[in-house]
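The values are calculated or read from the model by the stated rules, or taken from the named source; none is laboratory data. All values reported here derive from a predicted model rather than from experimental measurement. Positions of Cβ are backbone-derived with ideal geometry, glycine not excepted, and every protein chain shown enters the neighbour counts. Only protein heavy atoms, including side chains, enter the accessible area calculation; ligands, DNA and RNA are left aside. Shrake-Rupley method; radii C 1.70, N 1.55, O 1.52, S 1.80 Å.
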Amino acid sequence: MTRQLKYAHAIREALALELARDERVMVFGEDVGVNGGVWGALRGLHEEFGDRVFDTPIAENLIVGMAVGMAMRGLRPVAELQYSDFVFCAGDEVFLKAATWRYAHGGGVDLPLVVRMASGGSGFGPEHSQCTEAYLMHTPGIRVAVPSTPADAKGLMTAAIRSDDPVFVLEHKLLYPMTGPVPEGEHIVAFGQAVVRRTGDAVTIVAWQDMLRRSLAAAERLAADGIEVEVLDPVTLNPFDVESLVRSVEKTGACIVVEEAPLTLGVGAEIGALLMEHAFGHLDRPLVRLAIPDVPVPTAPHLVDAVVPSVDRVEAAVRRLVA
Amino acid sequence: MDKSVGRQPENENEILLRIYETAEKIRYSDERLRTMLMSGQVRFNYYSVRGQEIIPSATALWLSSEDYVITTYRGLHDQIAKGVPLDVLFAEYMGKATGACKGKGGPMHVTHAASGLLVTTGIVGGGLPIANGVALAAKLRNEDRVTVVNFGDGASNIGAFHEALNLAAVWELPVVFLCQNNLYGEHTAVELSMAIPSISERALAYGMPGVTVDGNDPLAMHTAAGTAISRARDGSGPTLLEARTFRFFGHSFGDDDAYMPGEQKARAMADDPVPKLRTRLVADGGIGHERVEQLEECIRAEVDDALAFALASDYPEPTELAADVYA
């Protein structure tokens, strides 16, 4: 049986292996060094790798800006933004520099940087609970990885560090303690290759991270009634694997996107547009988007439960679609 | 690494002559570009550097191509002084395929690895966190490499300035924060944006030296830049160097500079640092009139040739649109 690891420890293993393999790799951010990171993904790395795993002030412009500067000089920086919401604090460095500078400088600068960000998992309120992948996916020039399993957390992190592009890796807060099989040694998960997490023919569900977990739970319930849904995990949002999406919808004829982010212009909206362009003839029912209604992420638990797609909501949406 | 760094010309006159050579190249380039823009011969956003020529011309004497300069949209003077070849520089400004960045960056995005002009940003204050990363890379690898990041007075009011200076001091990074205080942030006078008389005072808050120098005084600028760069080079850490100057032609080309008092502008232009330096060289410096004229002839030929090259070059092909978005 394959070894079991927590999602957080799988990330740590990827970082440790890459730090050992490539001396250009540097890991840094708020509380990342001595403290080992507030999410438990970096424990012991500073002790093991010394000054290559270091603390920065609480200064997001600087954290991502330094990563850009270090990458331009041939290092492989892995910066942490403690919450994915903080991508907005570092807006200039993320959206104007990491994303555009290779292009604006005619390919004359290299930007092999990674930004790790803890994402989603509501309860922290609107400044610390957002899933910001749609903003990143909207921005040409940066890659966006959304690992949903411990194995993918390790494999995508490794691929991100070895990528020559700026890669934003969203680590879901609720997944950090989750356990799953993780290959030992070098493990790389390719970007742009979606994975079918469950096969079926009734409807295609596209979901990632905590919404994938909820969708799979709903699929289990539905299977008891003979409704077999196909669940597709995009793995990376940029590049996005359109072919796998189309292939699945050819079979099922319907699609539900489950997303832990506001509805309007979310990833689900883009997937809907891709389906119209590439799979119009295969759809026999309208697209369904399950997302947070267009309100800021609330704080109170009962309000969070009211807006974030739940197993019940996914199940109900499928039942409506197959009725 | 260029061993001549740190070894300055033997006498004052030779230092002044070398500063003049660069400053006059900048002055003439700026004049030609504005003339061409005015006539409609070329079209791009331009932020004139006229009046600020001495700062990078004096600073550059302390830098080799192994050292890095980061600059802003008002960067022609920094780019020329760092040694970006004029042909690819002007071609980039004009958006031509032969430009330093294939014509895809324009004046706000110039990079030229061979000369050490690392990057140019259009965002006020945007270069400072980047400079820290570049300087940190040099420090981690024990490289003898100084990074000079240029910015204006306006950038010193932006959060990134604080974030960058703070940590650069903590880590004693080999960086010089060179603030070219031209007395206006876009269209707003500096005294409307800050309550202190000099930007260098801010250095105290970070625990680094803060120095204000007359950026239009060639020898004073040369000395101040040398001190800051030597400090960075020997591992003692960063300096906030405020070089006071004045931009003659408003924020951007075509700017109605009515917000700048006429008297202030007239006074500054009457004290134009480039011809003033020429006079000093010829009258007091013992540099022969003929030698200076010869030099100017060479500069004009070099600039004119580079402009002709840029003008004759083609614009990028549409296929270039999809290139370099990703590695």
A:Val38 meets each of (1) touching a helix residue (DSSP H, G or I) at 6+ places or on another chain (Cβ under 8 Å); (2) part of a loop (DSSP other than H, G, I, E, B); (3) open to solvent by 30 Å² or more (accessible area, probe 1.4 Å) with one exception, condition (1)
Within region B:199-228, the residues that are without any contact (Cβ under 8 Å) to a residue 40 or more places away in the chain and within 16 Å of the chain's Cα centre (by Cα) are B:Val213, B:Asp214, B:Ala224
Report the residue count in region B:128-187 for those that are more than 10 Å from chain A (Cβ to nearest Cβ), within 16 Å of the chain's Cα centre (by Cα), open to solvent by less than 10 Å² (accessible area, probe 1.4 Å) and of a type in the set (Gly, Ala, Ser). 1
Going by what's in this entry, would B:Val119 be described as facing another protein chain (nearest Cβ under 9 Å) and open to solvent by 10 Å² or more (accessible area, probe 1.4 Å)? no
If you check A:Asp233, A:Asp225, A:Asp165, A:Asp241, which single one turns out to be within 30 Å of A:Phe124 (Cα to Cα) and acidic (Asp, Glu)? A:Asp233
Pairs returned, first residue in region B:298-327 that is touching a residue at least 12 places away in the same chain (Cβ under 8 Å) and over 19 Å from B:Ala97 (Cα atoms), second residue that is in a helix (DSSP H, G or I) and of a type in the set (Asp, Glu), beta-carbon separation under 9 angstrom, 6 or more apart or interchain, are B:Ile299/B:Glu21; B:Ile299/B:Glu24
Does A:Asp225 fit the bill of being at pLDDT 95 or above and either open to solvent by 40 Å² or more (accessible area, probe 1.4 Å) or among the basic types (Lys, Arg) (or both)? yes
Name the residues in region A:154-193 that are surrounded by fewer than 16 Cβ atoms within 10 Å (Cβ to Cβ) and among the polar types (S, T, N, Q), would you? A:Thr179, A:Gln193
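The rows are residues; the columns are (1) open to solvent by 30 Å² or more (accessible area, probe 1.4 Å); (2) part of a strand (DSSP E or B); (3) more than 29 Å from B:Glu31 (Cβ to Cβ).
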{"site": "B:Leu204", "(1), (2), (3)": "yes, no, yes"}
{"site": "B:Thr212", "(1), (2), (3)": "yes, yes, no"}
{"site": "B:Ala225", "(1), (2), (3)": "no, no, no"}
{"site": "B:Ser230", "(1), (2), (3)": "yes, no, yes"}
{"site": "B:Ser236", "(1), (2), (3)": "yes, no, yes"}
{"site": "B:Ala243", "(1), (2), (3)": "no, yes, no"}
{"site": "B:Arg247", "(1), (2), (3)": "no, no, no"}
Mind telling me which of the residues A:Phe280, A:Phe240 ends up being open to solvent by 10 Å² or more (accessible area, probe 1.4 Å) and under 26 Å from A:Ala153 (Cβ atoms)? A:Phe240
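Listed here are the residues, each with its yes/no results for (1) open to solvent by 30 Å² or more (accessible area, probe 1.4 Å); (2) within 13 Å of chain B (Cβ to nearest Cβ); (3) among the aliphatic types (A, V, I, L, M); (4) not in a helix (DSSP H, G or I).
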{"site": "A:Leu15", "(1), (2), (3), (4)": "no, no, yes, no"}
{"site": "A:Leu19", "(1), (2), (3), (4)": "no, no, yes, no"}
{"site": "A:Glu23", "(1), (2), (3), (4)": "yes, yes, no, yes"}
{"site": "A:Asp31", "(1), (2), (3), (4)": "yes, no, no, yes"}
{"site": "A:His46", "(1), (2), (3), (4)": "yes, no, no, no"}
{"site": "A:Gly65", "(1), (2), (3), (4)": "no, yes, no, no"}
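One line per residue, one yes/no per condition, for (1) aliphatic (A, V, I, L, M); (2) modelled with pLDDT of 95 or more; (3) in contact with a Pro (Cβ under 9 Å, 6 or more places away or on another chain):
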site	(1), (2), (3)
A:Ala98	yes, yes, yes
A:Ala118	yes, yes, no
A:Gly121	no, no, no
A:Gly125	no, no, yes
A:Thr132	no, yes, no
A:Thr149	no, yes, yes
A:Ala159	yes, yes, no
A:Asp164	no, yes, yes
A:Phe168	no, yes, no
Across region B:31-88, what is the number of residues that are part of a loop (DSSP other than H, G, I, E, B), touching a residue at least 12 places away in the same chain (Cβ under 8 Å) and of a type outside the set (D, E, K, R)? 18
Hits in region A:107-149 (condition: small (Gly, Ala, Ser), within 14 Å of chain B (Cβ to nearest Cβ) and open to solvent by 10 Å² or more (accessible area, probe 1.4 Å)): A:Gly107, A:Gly108
Given the structure, is A:Ala98 under 16 Å from B:Ala131 (Cβ atoms), more than 9 Å from every other protein chain (Cβ to nearest Cβ) and open to solvent by less than 20 Å² (accessible area, probe 1.4 Å)? yes
Residue tally, condition facing chain B (nearest Cβ under 8 Å) and either open to solvent by 20 Å² or more (accessible area, probe 1.4 Å) or at pLDDT below 95 (or both), over region A:67-95: 4
Taking interchain pairs and intrachain pairs at least six residues apart, which have beta carbon atoms under 8 angstrom, with the first residue in region A:147-171 and closer than 24 Å to A:Val109 by Cβ and in a helix (DSSP H, G or I) and the second open to solvent by 10 Å² or more (accessible area, probe 1.4 Å) and aromatic (Phe, Trp, Tyr)? A:Ala159/A:Phe191
Tell me whether region B:188-202 contains one or more residues that are within 14 Å of chain A (Cβ to nearest Cβ), part of a loop (DSSP other than H, G, I, E, B) and open to solvent by 20 Å² or more (accessible area, probe 1.4 Å). no
Yes or no: A:Gly268 open to solvent by less than 30 Å² (accessible area, probe 1.4 Å) and among the small types (Gly, Ala, Ser)? yes
Of everything in region B:302-323, what is open to solvent by 50 Å² or more (accessible area, probe 1.4 Å) and within 26 Å of the chain's Cα centre (by Cα)? Give them in sequence order. B:Glu302, B:Asp304, B:Asp305, B:Ala308, B:Phe309, B:Leu311
Determine whether region B:287-299 contains at least one residue that is away from chain A (no Cβ under 14 Å), in a loop (DSSP other than H, G, I, E, B) and crowded, with 19+ Cβ neighbours inside 10 Å. yes
Mind checking whether some residue in region A:207-220 is surrounded by fewer than 20 Cβ atoms within 10 Å (Cβ to Cβ), outside the structural domain of A:Leu136 (by TED's automatic domain parsing) and in a loop (DSSP other than H, G, I, E, B)? no
Hey, among the residues in region A:48-63 that are at the interface with chain B (Cβ under 8 Å from one of its Cβ atoms) and out of contact with any strand residue (DSSP E or B) (no Cβ under 7 Å at 6 or more places or on another chain), which one's most open to solvent (accessible area, probe 1.4 Å)? A:Asp51
Test A:Asn35 against the stated conditions and say whether it is facing chain B (nearest Cβ under 8 Å) and of a type outside the set (Val, Ile, Thr). no
Could you list, in sequence order, all residues of region B:300-327 that are hydrophobic (A, V, I, L, M, F, W, C) and within 14 Å of another protein chain (Cβ to nearest Cβ)? B:Leu321, B:Ala322, B:Ala323, B:Val325, B:Ala327
